[in-house]
Amino acid sequence: MDVTQDKRTGRARAGIERRVNLVQQVAGALRRSILSGAAPVGSRLPSEASMTGEYGVSRTVVREAVASLRADGLVEARQGSGVYVLAREPAAIQPFTSVDPTRISSVIELLELRAAVEIEAAGLASQRRSPAQEEAVIEGCEAIERLIETGEATTDADFSLHLTIADATNNLRFREFLEMLGTRLIPRRALQDGHRETTPPDYLQQIQTEHRMIAEAISTRDETAARDAMRQHLKGSQSRYRRLLRQL
């Protein structure tokens, strides 16, 4: 790595660390409010806009702070109503909370675990998928394609595609496992800020090529190809994530 790349990597990591710290600060303030009783069980948290102004942070930071409280079982989101306090004490420590997107070793650990599960999921999906599930996988690829064309963030759609493949196994444990990982499933999400795509185009195009290969193998019921395509996708993600940190 040359000096320029080293500086870019340092700035990227510093930016991620600053964002992680802001999330921790906001989450900590909200936890203290809940534990002290200032935000009693059953009450609604302030709106996202209010918290953005109160803490002087972005909406993304507020969302991730609230997500950490949800992971601890302290709050729940109710559709069209807001976020409500469920309990004053956090639930048991949840797995995978120590995954650090600024550390390559941490990301690789997660990708290795995903490979152990998702390669098998792709193979099973190719044999068990229904016509409707086949269509859902293809539509998931197309949804990512549309977002790339419009320059919008693709991480949520990427996560959704992997969940759709898990569903096509017709073994609900695969979806449960991926949902337990949550947004950590897509490491580059930690680099995303807002609704605009920040990932380099060549990175996204390579990912999409791999997504299409997985979808095609599932569609044609080619079990070996499905496993190989998912393996290539997850193995390739390790080296791509290294390059992504260097470019930012």
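The values are calculated or read from the model by the stated rules, or taken from the named source; none is laboratory data. Remember, predicted model here, so these are calculated numbers, not experimental data. Using ideal geometry, Cβ is built from the backbone for each residue, glycine included, and neighbour counts are taken over all protein chains shown. Areas reflect the complete protein model, heavy atoms only, side chains present, ligands, DNA and RNA absent. Shrake-Rupley method; radii C 1.70, N 1.55, O 1.52, S 1.80 Å.
The table below lists the values:
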item	result
Pairs where the first residue, in region 210-223, is open to solvent by 10 Å² or more (accessible area, probe 1.4 Å) and the second is outside any helix (DSSP H, G or I), C-beta under 9 Å, 6+ apart	GLU216/ASP222; SER219/ARG129; ARG221/ARG129
Residue satisfying condition, being over 25 Å from ARG189 (Cβ atoms) and more than 21 Å from the chain's Cα centre (by Cα), within set ALA49, ALA39	ALA39
Residues within region 100-151 that are among the basic types (Lys, Arg) and either closer than 19 Å to MET180 by Cβ or part of a helix (DSSP H, G or I) (or both), tallied	3
Within region 39-62, tally of residues that are modelled with pLDDT of 90 or more and either open to solvent by 60 Å² or more (accessible area, probe 1.4 Å) or outside any loop (DSSP other than H, G, I, E, B) (or both)	14
Elements of type helices (runs of 4 or more DSSP H) contained in region 155-234, each with 2 or more residues being within 20 Å of ALA71 (Cα to Cα)	155-167, 172-181
